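Following: one structure in structure tokens, then a few remarks.
The values are calculated or read from the model by the stated rules, or taken from the named source; none is laboratory data. Keep in mind it's a predicted model, so treat the numbers as computed, not measured. FYI the Cβ positions are ideal-geometry reconstructions off the backbone, even for glycines, and counts take in every protein chain you see.
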Amino acid sequence: MTAKVWLVTTGEYSDYRVVSAFTTEELANSYAEHYPGSYGRGHAEVEEYDLCSELPALNQWTTLTTYVRADGSIHDQGASDVVEWHWADEKPSLPARAQVNAYNGGYIWSMEPAGRPLVGVTTEGTDHERVRKVHCEALAMTRAEAAIILAPNPEDADRPYPAPVNYRAAHKMNAELAKQVPWRVLLQANGYGMVATQLLHAGVDYEEATLLAWMVYEHEPNAERRVDELLGTPDA
């Protein structure tokens, strides 16, 4: 069993600091409860961490990004190919995962004049060759669907302030792309949000999807079996 340590901290952002560390949660809570200023601004919090006797493994992550116009053409600016190292306990190994984001042109005005939206395709992972293969596949899908993603959603036409792009179409594509990654791998690398997205696009209603995603994040066996039934995604 991994040893634990409980830190008592105060402040936020630039004021954040660790004021003490304890070997039990009870001691840390008692200290935090009576820490000066604990009833006003600067109150103390207790944070739990693993106490490591050696460094975790390092994972090399490759991240590719490409932008696509509504006509399917590749934007000649903003593309990136980045390689970074991350501690395995902070960012676990993930072969490759792609996602798309729709941007109104004004959001990235330095790349495209305002009013001309773009779709960003980003693929990341620890398998360098697979990242490139998945990125090419996701890029081909995006170029074929760019006109739909970057047009207003007809279902939003009656709303007072309809979105300038079809975010639902982008979410649907992300759910399709996420199917390429076993949900347990996706959960470990990206948290429960993408598992919830997969469940939503599998026809599960919002409340059940978010609850199930949170329960598998907490390693509830019954929830894991239920998600296996709903998604049918093979484990890695």
*Identify the single condition in (1) loosely packed, with under 11 Cβ neighbours inside 10 Å; (2) hydroxyl-bearing (Ser, Thr, Tyr); (3) modelled with pLDDT under 85 that residue 93 does not satisfy, given that it satisfies every other one.*
(1)
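Okay, residues lined up against (1) touching a helix residue (DSSP H, G or I) at 6+ places or on another chain (Cβ under 8 Å); (2) touching a residue at least 40 places away in the same chain (Cβ under 8 Å); (3) in a loop (DSSP other than H, G, I, E, B); (4) assigned by TED's automatic domain parsing to the domain that holds residue 119:
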position	(1), (2), (3), (4)
20	yes, no, no, no
26	no, no, no, no
62	yes, yes, no, yes
66	yes, yes, no, yes
76	no, no, yes, yes
81	no, no, no, yes
*Using the structure shown, decide if residue 8 is in a strand (DSSP E or B), touching a helix residue (DSSP H, G or I) at 6+ places or on another chain (Cβ under 9 Å), outside the structural domain of residue 167 (by TED's automatic domain parsing) and over 30 Å from residue 185 (Cα atoms).*
yes
*Residue under evaluation residue 195, criteria (1) surrounded by fewer than 21 Cβ atoms within 10 Å (Cβ to Cβ); (2) within 26 Å of residue 88 (Cβ to Cβ); (3) of a type in the set (Val, Ile, Thr), criterion not met*: (1)
*Evaluate the following for residue 120: is it within 19 Å of residue 95 (Cβ to Cβ), within 17 Å of the chain's Cα centre (by Cα) and modelled with pLDDT of 90 or more?*
no
*In segment 192-236, which residue that is in a helix (DSSP H, G or I) and among the small types (Gly, Ala, Ser) is farthest from residue 99 (Cα to Cα)?*
223
*Would you say residue 63 is at pLDDT 90 or above, under 30 Å from residue 140 (Cβ atoms) and surrounded by 13 or more Cβ atoms within 10 Å (Cβ to Cβ)?*
yes
_If residue 73 satisfies all but one of (1) modelled with pLDDT of 85 or more; (2) of a type in the set (Ser, Thr, Tyr); (3) touching a strand residue (DSSP E or B) at 6+ places or on another chain (Cβ under 8 Å), what's the number of the condition it fails?_
(3)
*Is it fair to say residue 141 is outside the structural domain of residue 93 (by TED's automatic domain parsing) and under 28 Å from residue 91 (Cα atoms)?*
no
